[in-house]
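The values are calculated or read from the model by the stated rules, or taken from the named source; none is laboratory data. From a predicted model like this one, the values you see are computed outputs, not experimental measurements. When we count neighbours, we look across all protein chains shown, and the Cβ atoms used for this are built from the backbone with ideal geometry, even at glycine. Just the protein is used for accessible areas: all its heavy atoms, side chains included, with ligands, DNA and RNA removed. Shrake-Rupley method; radii C 1.70, N 1.55, O 1.52, S 1.80 Å.
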Amino acid sequence: MGNKRGRFSGRLGFVAAAAGSAVGLGNIWRFPYETGENGGAAFLLIYLICTIIIGLPVMLGEIAVGRKSQMDAYGSYRNLGNKNWGMVGAFGIICGIMILSFYNVVAGWAFGYFIQIVFDGLLVEGKGNYGNYFNSYVADFWDNLIFSFVFMVLTAFIVIRGIKAGIEMASKVLMPLLFVILITLIVYALTLDNAMEGVKFYLLPDFSAVNASTIYSALGQAFFSLSLGMGALITYGSYLKKKENLFKAAAVVTLADVSVAFLAGLLIFPLVFSQGQEPTAGPGLVFVALPTIFEQMGPLMGRIVGGSFFLLLCFAALTSTISLLEVPVAYLVDERKLKRKKVVFGLAALVFVIGLPSMLSAGAVDFFTNFMHYEGKNKSFLDVISDLFSEVGLVFGGFMLTLFITFKWKTKKMTKELSEGNPGYAKSILKSLVNFSITVLSPIILGVIFVITVLQKFFGVSLF
């Protein structure tokens with residue numbers, strides 16, 4: 001492996017890996033509860049529009065920057081800009097590390113739920129009150145330590161094998177499996193009594209429920225779910241060959257990401273309505289409301305469907321943790337000329353240690369559980385890290401990317417890079433639409449989201 005930079009074998013390998021990076025807990029955990037809290041179909045429609053007009057152009061920009069420079073996130077900004085711009089890439093790398101530190105903890109929860117539903121009687125132990133079960137489960141430090149450790153080891157094992165033999169191969173296996181499990185579960189869910197009420201809630205929009213908060217949430221979800229703003233797609237883009245059509249690749253990645261989010265909703269809302277549950281259960285929808293539904297399916301079917309769902313969640317999380325770890329790995333291999341094997345082991349250990357306070361913040365230690373107070377409530381250490389680096393950091397990273405392309409690298413050079421492997425792009429209307437989004441629409445919208453998020457979360461300013 002050494003210091004030699006790897007490459008994806010072709011567009012399919014890149015698409016599988018980049019789609020895996022985008023598809024994660026944001027699609028299967030966060031998207032359904034955001035949709036449920038924001039009125040269903042109207043939120044879905046706004047989310048799809050935001051993904052196309054903001055998400056896809058920013059994704060194209062990230063991939064183009066990475067392929068042009070053939071470097072990690074820091075090196076890409078530095079080489080195409082200067083050392084000062086390199087700090088934007090460094091910020092993205094730090095965001096990736098911090099997000100992975102708590103993301104791995106949540107992935108450990110999903111892995112633990114899979115194990116306990118299939119092999120350890122979770123649906124019996126939690127019977128009647130899955131809210132209490134979840135609270136006691138996440139407060140159990142030693143169980144979480146084991147499950148999160150196993151998940152980090154799996155992530156490191158894949159990343160250590162390199163781009164083609166590790167990340168690409170794993171993504172080519174995990175992504176199809178993810179779709180197979182998801183579609184199979186949807187087919188079953190749609191056969192349940194009252195499932196069509198869930199479909200109506202999800203697919204028939206009520207625009208009277210739309211307000212500024214709905215649009216704000218949809219914009220945030222669109223950006224978060226595509227894994228933008230932290231250098232992951234810059235890094236993956238740097239492993240692409242010049243002959244690849246970047247627009248087609250980015251379009252397929254976006255379609256895959258949106259499809260998983262859409263299908264997750266098509267699974268969860270029929271399940272929720274079939275058992276008379278509320279779709280507005282919030283973040284607890286997956287870990288509290290769904291186990292209640294699985295229990296009501298009976299001991300055998302509940303174990304099969306519940307186990308399959310949390311296995312699906314594990315696959316989605318794993319494809320994302322791979323990309324999150326690869327971002328800092330690429331930096332140390334490219335910039336510091338370190339061996340991939342040592343880098344992966346060292347970073348995996350470091351991230352795991354950084355994640356320990358998040359692991360302790362769900363009830364195990366009061367100091368981390370009630371770490372700060374803002375937005376009118378106590379926030380755990382995990383909440384604070386998520387808010388700083390996921391809610392705020394990714395939007396800031398995307399905003400800075402649009403400024404970098406607009407004022408430093410220039411859209412003319414981006415167009416030239418996007419024309420490699422796609423000669424007709426420079427004369428197409430797509431070029432004009434992408435450039436308008438990158439230079440005008442995206443910086444304004446991302447800038448506004450950044451300001452609103454900071455004001456609402458950390459200064460107590462209620463705008464909605």
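Could you pull the accessible area for L177 with a 1.4 Å probe, rounded to 10 Å²?
80 Å²
Roughly speaking, what is the centre-to-centre gap between the range 308-329 and the range 227-246 when only Cα atoms are used, to the nearest Å?
Going from one Cα centre to the other spans 18 Å.
From the backbone phi of the range 45-57, what are the Karplus-calculated ³J(HN,Hα) couplings (6.51 cos²θ - 1.76 cosθ + 1.60, θ = phi - 60°) in whole Hz, Gly and Pro given as x?
So the J values, rounded to whole Hz, are 5, 5, 4, 5, 5, 4, 4, 6, 7, 10, x, 4, x.
Quick one: with all protein chains in place, what share of the accessible area of the chain is carbon or sulfur, to the nearest percent (1.4 Å probe)?
67 percent
Tell me, what is the per residue accessible area of the chain in Å², probe radius 1.4 Å?
Counting only protein heavy atoms, the per-residue value for the chain is 38 Å².
Going by amide H atoms built from the backbone, whose H comes under 5 Å of the H on G363, apart from near neighbours?
T369
Under 5 Å between amide H atoms, partner at least 5 residues away or on a different chain: which partners does S238 have, H built in plane at 1.01 Å?
R67
Given 0.36 nm per residue, what is the gain on full extension from M301 to K337 after removing their alpha carbon distance, in nm?
Separation in residues times 0.36 nm, less the Cα-Cα distance, equals 7.8 nm.
Per residue of the range 161-173, what does 6.51 cos²θ - 1.76 cosθ + 1.60 with θ = phi - 60° give for ³J(HN,Hα)? Whole Hz please, x for Gly and Pro, Karplus curve as stated.
7, x, 6, 6, 7, x, 5, 5, 5, 4, 5, 5, 8
Taking 35 Å as R0, compute the FRET efficiency from the Cβ-Cβ separation of F458 and N135 and round it to 0.05.
0.85
Pairing the Cα long axis of helix 212-225 with the longest principal axis of the chain, what angle in degrees results, from 0 to 90 and rounded to the nearest 10?
70 degrees
When the Kirkwood hydrodynamic radius is evaluated over all pairs of different C-alpha atoms of the range 45-111, what value in angstrom, to one decimal, is obtained?
13.8 Å is the Kirkwood radius here.
Expected output is a single nm value to one decimal: the length gained when fully extending between H373 and K243, i.e. 0.36 nm times separation in residues minus the C-alpha distance. What is it?
So the extension gain works out to 41.7 nm.
Where does the chain land at 222 nm, in deg cm²/dmol rounded to the nearest 500, when only DSSP H runs of n ≥ 4 count, each adding -39500 (n - 2.57), divided by all residues?
Result for the chain: -22000 deg cm²/dmol, rounded to the nearest 500.
Would you list the P(r) distribution for the chain, with all Cα-Cα distances sorted into 20 Å bins from 0 and each bin expressed as a whole %?
Reading the bins upward from 0: 26, 60, 15, 0.
Give the relative contact order (percent, whole number) for the chain; include only Cα pairs under 8 Å separated by 6+ residues.
33 percent
Can you give me the long-range amide H partners of L338? Hydrogens built in the peptide plane at 1.01 Å from N, cutoff under 5 Å, separation of 5 or more residues or another chain.
Placed amide hydrogens put V333 under 5 Å from L338.
Can you tell me which lysines have their Cα less than 30 Å from the Cα of K408? Leave out same-chain residues fewer than eight positions away.
K4, K68, K83, K241, K242, K243, K248, K337, K416, K427, K431
Residue-wise, which Karplus ³J(HN,Hα) couplings in Hz belong to the range 29-42, taking 6.51 cos²θ - 1.76 cosθ + 1.60, θ = phi - 60°, and x for glycine or proline?
Karplus values, whole Hz, x for Gly and Pro: 9, 6, 4, x, 6, 4, 5, x, 6, 10, x, x, 4, 4.
I'd like the distance separating the alpha-carbon centroids of the range 169-212 and the range 60-102, in whole Å.
Spelled out, the Cα-based centre of one part sits 34 Å from the other.
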